[in-house]
Structure formats: C-alpha cells, structure tokens
Amino acid sequence: MNADKRRFRKDLQDKLISYPRLSASVCGLIFLFAISFLAQDLPDEIRGYKVHKAKVAVRTQADKNNPKEDFSVAVNFDKPELIKISPLGATFEVYGEMTVFEQSGKIDFLTFKDFRVNGLKIEIEEYTESFEIEKNKPTRLKTPIKIFVSAAQTIKGGLKEAFRSEKEWQVTGRVFVFGKFKKIGFKFKRVVPVDVNLKIINPLKAE
C-alpha cells in the first residue's frame, strides 16, 4: 500500500513538473480560495468585545415552538410595522425578544450588517438600549428596532413588485450582539454574531 502511495505521489509530481503553467494556475486558485475564506472569517475582537460563536436560533414569533432545543441563544422577531413614508423612503419598526440558555448577563447594544429584504439593501439603526437578561428567561426589547428602506432602493427594485406583491419577505443579514455575560461569578465581554435568514409575513400586504 505504501509503495502504491509513493508511486502515485511521484506520478503527480512528474505531471506538475511537466505542466508548470497548470501547476501555477492550480496554486493560484488555491491561494485565492484561501484569501476568500479568510476574508469571510471574523476577527478575534470587535470594539473590545471578544467574538463568541454560539448556536443561535432566529425565528418569528409564530415559529418559536420548542425554543430551547440545542441552541445557546434564541432570537424571535415580531411582524414589522410600517411607521412612516417620506420622499426619502419608508421606515419600519420591529420588536423582538431574546432568550439565553447558558448564562445571564447584560446586552449592551446591537449592530446590523448587510441586511436585505427580497434582495434589496436596507438600513437598520444601531440598537443602543441596553437590557438585562436572565438565563432561560425570554427578554423583550424595550424599544423597537428601526428599519429604513431608501427611496432609491424601492425605485430600483420597484416597491410594488419587490415588496407589496409578495406574501412573505425573505430577510437576510447578520446581527452582532454585544454584551457582558456572567459565568462562575465572573463577567466576560462578548460579541455574538447572529446570522439571519428567515421569511416574515409581508407587513404591506394589507396596505
């Protein structure tokens, strides 16, 4: 078996030497793939908070049956409400709740990155209302999360086609949850990345 492996390795090396351009191309592709992979990875810290990857369940309120399961954190969002339409765009508000199953602590703030609704980019304000969380106890947000869809985006995608005509909205993006969590009498500053990919009922359907 070892002789077969050595023979295979030698044959492969001979072929790569015989085709230097092909070898360089393959190495280049591997290098680009490695750069792409590393670029998608997260740093060790963000704003002084150590990044902690946890298994998170993201749901709407209608789908939060058996919330614990095997998850460390569960995040449930209410149906968004249309608050204002102006020449600049449309503003929505959405409430939600968070449950942490492993430890208690305090959420300092939330940030939102690369959020889209039906493929159209949206802006979500940084959530700065801090709140305490108790282990295994759902905690409601004190104030709503504010979502803004610019007029440029609605014109680009067509508000009627992209938003009103659909029964559901596909929402994607990433939330960063910054907080101080208690464990064995100590507090640790952590930021938990939460990837969102869910469908919600279209709040404009009845408009």
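The values are calculated or read from the model by the stated rules, or taken from the named source; none is laboratory data. Every value quoted in this text rests on a predicted model; they were computed, and no experiment measured them. For neighbour counting, all protein chains shown are included, and Cβ atoms are generated from backbone atoms with ideal geometry for every residue, glycine included. For accessibility, only protein heavy atoms count, side chains too; no ligands or nucleic acids. Shrake-Rupley method; radii C 1.70, N 1.55, O 1.52, S 1.80 Å.
Within the range 133-149, which residues are part of a strand (DSSP E or B) and either within 18 Å of the chain's Cα centre (by Cα) or farther than 24 Å from Lys84 by Cβ (or both)?
Ile133, Thr139, Ile145, Lys146, Ile147, Phe148
Here is a check on your reading of the model: is Lys182 over 23 Å from Glu102 (Cα atoms), open to solvent by 90 Å² or more (accessible area, probe 1.4 Å) and modelled with pLDDT under 90?
Judged against the criteria, Lys182 is not a match.
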